1. If I go through region 42-58 residue by residue, how many of them are at pLDDT below 95 and in contact with a strand residue (DSSP E or B) (Cβ under 7 Å, 6 or more places away or on another chain)?
2. For region 302-334, give me each residue that is hydrophobic (A, V, I, L, M, F, W, C) and part of a helix (DSSP H, G or I).
3. Looking at (1) at pLDDT 95 or above; (2) more than 20 Å from Pro321 (Cα to Cα); (3) surrounded by fewer than 16 Cβ atoms within 10 Å (Cβ to Cβ), which one does Glu144 not meet, given that it meets all the others?
4. Going through region 168-185 one residue at a time, which ones are buried (at least 24 other Cβ atoms within 10 Å of the Cβ) and under 23 Å from Phe232 (Cβ atoms)?
5. Do you know which of the residues in region 246-287 that are over 19 Å from the mean Cα position of the chain (by Cα) and aromatic (Phe, Trp, Tyr) is farthest from Thr301 (Cα to Cα)?
6. Counting only residues that are hydroxyl-bearing (Ser, Thr, Tyr) and either open to solvent by less than 10 Å² (accessible area, probe 1.4 Å) or part of a strand (DSSP E or B) (or both), which one in region 207-235 is farthest from Asn268 (Cα to Cα)?
7. Checking the condition more than 20 Å from Gly121 (Cβ to Cβ) and charged (D, E, K, R), which residue from Lys254, Lys220, Lys207 passes?
8. Considering only region 284-301, state which residues are open to solvent by 30 Å² or more (accessible area, probe 1.4 Å), hydrophobic (A, V, I, L, M, F, W, C) and not in a strand (DSSP E or B).
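The values are calculated or read from the model by the stated rules, or taken from the named source; none is laboratory data. This is a predicted model, so every value here is computed, not measured. No Cβ is skipped: glycine too gets one built from the backbone with ideal geometry, and neighbour counts run over all protein chains shown. In case anyone asks, the SASA skips ligands and DNA or RNA and just uses the protein heavy atoms, side chains included. Shrake-Rupley method; radii C 1.70, N 1.55, O 1.52, S 1.80 Å.
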Amino acid sequence: MTQKFEYVWLDGYRPTQSLRSKVKVNDHADIWAFDGSSTQQATGSKSDCLLNPVAEYHTIDRIRADATRTQPGLGGTYVMCEVLNVDHEPHKSNTRTHCQNLVSDEWWFGFEQEYFMYKDGRPLGWPKRGKPQPQGDYYCGVGEGNVVGREIVDRHTEACMNADIGITGTNAEVALGQWEYQVLGAGVRAGDDMWMSRYILQKIAEKHGVTINFTPKPQKGDWNGSGMHTNFSNDEMRNRGSLLLHHTICEKLKAKHQEAMGMYGADNDQRLTGKHETQSIKKFSYGLYDRGASIRIPIFTVDNNYGGYLEDRRPASNADPYRVMRHIVETLAE
């Protein structure tokens, strides 16, 4: 049956890749070429690159007919793709292939994606001149003046659920116009889900004339930045955990801290200042329940006799989840 396939991939821009997409109407998803010279992934004289489907997300859009019922709209499939060269080898911008070769489904990752909504060059809900009231009432807030953009958030949550993306929750964040959602998955699929959830969020925001800002510190001053806190665990951590094991893991991550800072998102130094629930980018620390640490040992893990997960609070909101997962697994495998 003919249907709409929406191919999604990462371009070749540096230091931060962006999502691209194009639509194909066909009866199945297959390898498809695109113009890599327009995405900084090829030259004009040898412009072809290939999109290789790696994950499909089937959706059923709904068009509201009246207040009491809905009617089927045009369904389709989002297709997460990796980029290949014309010889079918991974393109140099393809961070997924290295992650897939290393990260097995034994590894679970829960990403906490923070972001700002922007409109007309300012965070959504902010006055045209000056700034809103200081932070305090916005986190998990309710009511006019405390939250903005909830319709976008609700639509995004429902869209991810309908597409079987592992979204587990949402909340308003510390600054006005700032939100967070969480995605949980196993193995490389966790990264696929994270990237596709970002794509869907940006598409929904388009319809409201809103842009999604993933930069780690969009507003200078006494305002929280945005991270992609990464919760992680493997079989040993979940089922045979101990305080010693978690301390050993943290010490291994400490030894590779500077390497991580090169992989955890551009401009992260503007966010990791030691203020606003962060540790300084120049330091590494870990502790029980400590949101000012590099690694937090959460209450869930402690209450389960240290059988659980750790939270890496260092990744920036614009970090590539494939690179973050790869770094954690490679570091702990040594």
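1. 1
2. As a first pass, look at region 302-334 and keep what is hydrophobic (A, V, I, L, M, F, W, C): 302, 310, 316, 319, 324-325, 328-329, 332-333.
Across region 302-334, the qualifying residues are Val302, Val324, Met325, Ile328, Val329, Leu332, Ala333.
3. With respect to (1) at pLDDT 95 or above; (2) more than 20 Å from Pro321 (Cα to Cα); (3) surrounded by fewer than 16 Cβ atoms within 10 Å (Cβ to Cβ), Glu144 is out only on (1).
4. Here is the first cut: in region 168-185, the residues buried (at least 24 other Cβ atoms within 10 Å of the Cβ) are 175-179, 183.
Within region 168-185, Trp179, Val183 qualify.
5. Only one residue tops the list, namely Phe284.
6. First, the residues of region 207-235 that are hydroxyl-bearing (Ser, Thr, Tyr): 211, 215, 226, 230, 233.
Narrowing the set further to residues that are either open to solvent by less than 10 Å² (accessible area, probe 1.4 Å) or part of a strand (DSSP E or B) (or both) leaves 211, 226, 230, 233.
On the way: Thr211: 20, Ser226: 9, Thr230: 15, Ser233: 24 Å.
Taking the candidates together, the pick is Ser233.
7. Details: Lys220 fails: more than 20 Å from Gly121 (Cβ to Cβ); Lys207 fails: more than 20 Å from Gly121 (Cβ to Cβ).
Checking each option against the conditions leaves just Lys254.
8. Of everything in region 284-301, those that are open to solvent by 30 Å² or more (accessible area, probe 1.4 Å), hydrophobic (A, V, I, L, M, F, W, C) and not in a strand (DSSP E or B) turn out to be Phe284, Ile299, Phe300.
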